[in-house]
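Notes follow once the structure below has been shown.
The values are calculated or read from the model by the stated rules, or taken from the named source; none is laboratory data. Here the structure is a predicted model, which means the values were calculated and not measured. Reconstructed Cβ throughout: ideal geometry from the backbone, glycine too, with neighbour counts over all protein chains shown.
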């Protein structure tokens with residue numbers, strides 16, 4: 001299962017690039033850069049959506065151990081760690097997304113193959129049962145033929 005959407009790739013890669021240069025990012029940094037849009041309107045606090053979106057990004061970054069994420073009551077930020085630069089150099093979230101998609105397709109194919117194998121096994125059981133029945137019938141007919149041959153041989157003498 002992929003924990004982020006395709007449209008999240010650009011913001012997540014931007015965060016990785018910026019956190020390498022600046023070391024620490026907050027939701028305000030993403031709003032200032034236009035990565036997260038504050039929704040103005042009937043809401044009491046328009047930054048709530050920005051904070052929630054930032055928390056969602058933190059979850060993804062933390063899950064893949066790309067950055068160190070701090071999500072406390074009064075503090076919300078992301079910092080680079082020892083894997084951040086390496087992750088960026090290996091292709092970032094764009095490559096990760098492509099790899100996860102390939103893996104998802106492979107898992108789907110494996111699941112379909114497993115289902116196909118189960119159906120084939122059920123069919124093989126039916127065929128084996130039928131073959132067993134036909135083999136018994138052939139053996140009985142063979143004994144009857146041998147009996148008839150013996151009877152004809154004795155009758156011909």
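Scan segment 17-35 and give yes if some residue there is modelled with pLDDT under 85 and either at positive phi or part of a helix (DSSP H, G or I) (or both), otherwise no.
So far as segment 17-35 goes, yes, one or more of its residues are modelled with pLDDT under 85 and either at positive phi or part of a helix (DSSP H, G or I) (or both).
Residues checked against (1) closer than 30 Å to residue 6 by Cβ; (2) modelled with pLDDT of 90 or more; (3) under 30 Å from the mean Cα position of the chain (by Cα):
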site	(1), (2), (3)
105	yes, yes, yes
111	yes, yes, yes
114	yes, yes, yes
118	no, yes, yes
121	no, yes, yes
129	no, no, no
133	no, no, no
136	no, yes, no
139	no, yes, no
